[in-house]
1. Students often check this: by mean Cβ neighbours within 10 Å, which of 62-70, 457-465, 159-167, 542-550 ranks highest, and how do the rest follow?
2. Give the Cα extents of the range 465-592 along the principal axes, in whole Å, largest first.
3. Defining a contact as two alpha carbons under 8 Å apart and six or more residues distant in sequence, what relative contact order in percent does the range 432-586 show?
4. Can you tell me, using C-alpha contacts under 8 Å and at least 6 residues apart, the relative contact order of the chain as a whole percent?
5. Per-residue counts of other Cβ atoms within 10 Å, averaged by peptide: what ranking do you get for 361-369, 378-386, highest first?
6. Considering the values [x] 19, 53, 26, 2, 0; [y] 18, 47, 29, 6, 0; [z] 18, 49, 30, 3, which represents P(r) over Cα pairs in 20 Å bins from 0, in percent as calculated for the structure under consideration?
7. Please give the charge dipole size of the range 465-592, origin at the Cα centre, charges +1 on K and R Cβ atoms and -1 on D and E Cβ atoms. Round to the nearest 20 debye.
8. Could you calculate the contour length gain from Ala337 to Gln176, that is, 0.36 nm times the residue separation minus the distance between their Cα atoms, to one decimal place in nm?
Amino acid sequence: MPVYKAPLRDMKFLLNEVFDYPAHYASLPSGENATPDIVDAILAECAKFSEQVLSPLYQSGDEEGCTLADGEVKTPSGYKEAYDQYVMGGWQGLSAPEEFGGHGLPASMGLLKQEMMGTANWPFSMYPGLSMGAMNTIYLHGSDEQKQTYLHPMTEGRWAGTMCLTEPQCGTDLGQVKTKAEPQADGSYKVTGTKIFISSGDHDLTENIVHIVLARLPEAPKGTRGISLFIVPKFLPNPDGGKGERNGVVCGSLEKKMGINASATCVLNFDDATGYLIGPENEGLECMFTFMNTARIGTAIQGVGPAELSYQWALAYARERRSMRSVSGKKDPDQVADRLIHHADVRRMLLTQKAIAEGGRAMLYDAARLADHMVEAHANGEPEKADQYDDKLGFLTPILKGFLTELGNEAANLGVQVFGGHGYIREHGMEQIVRDTRIATLYEGTTGIQALDLLGRKVLLMTQGGAVRNFTYRVANFARRQLTDKRLRPFGVELLKLTGQWNLLTVRLMLAARKDREMVSCAAHDFLMYSGYVTMAYMWARMAAVAQQKLRDGGEDSEAFYRSKLATAEFYYERLLPRAQAHASSMLSPSRNLMQTPAEELAFDI
C-alpha cells in the first residue's frame, strides 16, 4: 500500500518565502504564540500524526465502512483510537479561543492541520472538520449561555458537531425546508422533520453530537426569509456540563455512497427533539452561511489533497514501473524497458497533478491570510473591518471551492491513468481517491451553484464588477514588477493581458445580462473556471518570482527545489493556462445554444 508523506518543504516554502507568514502572524494578537519555531513544531507533529496514524486507516476504513445498529453508528476499526489520539493531541482546539479551552492560534493554523490530515485520510478528517464549522457558528451567533454550554466540550473534542440543511425535497433550494420548530413555555423548541446527507450525523467517536439545524417557526414567512437556526444536541446537556438524557434525534439510515465510505452520511429523523434558537428568528440562513463558508473553504482542501495524494502515489509508481522504450532513445539500456517517468505523456499527467496540487495550495494559503484578519476583526469587535475582509474572502471562496475541487477530480483521474489497468484495481488505492474526491464538487453547493454565487451574486449583483477590479488591481501591480526580469517577463506580460481580459469579460457579461437574463446562468461555469485558471496563474507567478530570486542569490541547499518550481510554473503557463481562453470564448456565446431546444425535445424515445 502506498503511503502519504506530508509535503512540508512545499508548505514551508509558501508560508515562509512566498507569503511571509512569520510577519503576518507577528501582526496578529492571536499570532503571539505562532512563532516560526512553534509553527514548525506543530507542522512536524501534525505530519507525524497524519502519516503514521491516519494514512494507514485510509484504505481499511473504505473497505470496512460504517455500520448502523439500533439507531447507533459504528465507525471503522481504528477510527475511535485515532480520534482519541487526535483529542489527546489538542488538535481540535488549535485555533479555538483560549476562553473556551483552545490554544488561540490564528485560524490559518487550522487550515494547515486540515490539509495534512485531510490528504492522509479525508473521511476521518470530516468528523472533526464538521465540528469546527458548528463551533464557529455558535461562537459568532450563539448567546453567552450557549457558548459556555457547547464550546468547551466541542473545543476539547469530547463533543462533535454537524450542519443539518438538506431535506428529501430540497438540497440547494433551502427555501423549501419543511422541518418545523414549535416554541415551548421554557424557551426551547420542539423540532420535527427529516434531514438527509448529514455528514458525521452519528458516530461513536464522541460522547455527544451537536446538530446545527435549519427549521421553520409557526407563521414564518415563506421561502428563505422564514428559516431559523437551532442547536439540537443528541444528548441534552446537564447543568454541570455533562451529557444528560437522550434527545429525540435518531439516525434512520446510512447513505450507500460512491465514496468516503468511512464517513457516516446519515438520514436524521427529528421527532419532537428539543432545540434552542441560535441567532434571530427567521435569519437562520444568514447565520448558517458562517458554517457554510467555513465548510466551503474546507472543501477546497479536498481539491488540493487528492491532487497531492494521487500525485505522490503516481510519481512513485512511474519511477518504478517499466513499459516500452522512450521515443527519444533508451533511457535504461540495462533493463528490458524504460520507466514510465521517461515517457512524455506520463510526464504531462504528473506535471498536471503537481501544478494543481501546488498551485491550489498557494491559493488556499493566500486566502487563509484574509481569514485570519477577518476572524481577528470579529474577535476585536470591529465589524466594519471584518466585513471588508469578508468581502475579499467571499469573492475567492466560490473560486476556491468550485475550481479547486474540479481540478482535484481531474488530478485524481490522472493518477488512475498513470497506473493504467492497475489504477482500476482496489489494492493500489488510486480508484478510491477518485471515488472519495467526486463528492467534493457536490456538497456545500455544486460547482454550478458556486459559479452562480461568484458571477451572479459576488461580481454582478453585489459589486457591479468591483470584486474583479479590486482583485485584478492587485495582480496587475505584481505583474508589472516582473517585467524587468528576463525569466519572469513572460509571466508578467501574460498576467497583465489576463487582468485586462477578465475585466472586459465582466463588463460584456454585465451588458449582455441586461438584454438576456439567461446569460448569467449560461456563462457562470465558464466564468468561474476562467477565474480559477487566472488566479492560479497569479499564484504560480508569485512562486516563480521567489524561486528565481533564490536561484539568483545562490548558496541554497534547495537549488533543485527552486528549479522545479520555475519549470512547473512554465508548464502551467504553457500547457494549462491556455484552457482559460476556451472558457472566455464559451462564456460569451449566446444563451440560445443552451435554451432554444424545448425541454420536452431533449428526451428521445428509444
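Readers should treat all values here as calculations from the given coordinates under stated rules, not as data from a laboratory. In this text, all values refer to a predicted model and were calculated from it rather than measured experimentally. Don't worry about glycine lacking a Cβ; one is built from the backbone with ideal geometry, like all the others, and counts go over all protein chains shown.
1. Highest mean packing first, the order is 159-167, 542-550, 457-465, 62-70.
2. Principal extents (largest minus smallest coordinate, Cα): 60, 24, 19 Å.
3. 24 percent
4. 12 percent
5. Packing proxy ranking, top to bottom: 361-369, 378-386.
6. Comparing each candidate, only [x] matches the computed number.
7. 440 debye
8. In short, 51.9 nm is gained.
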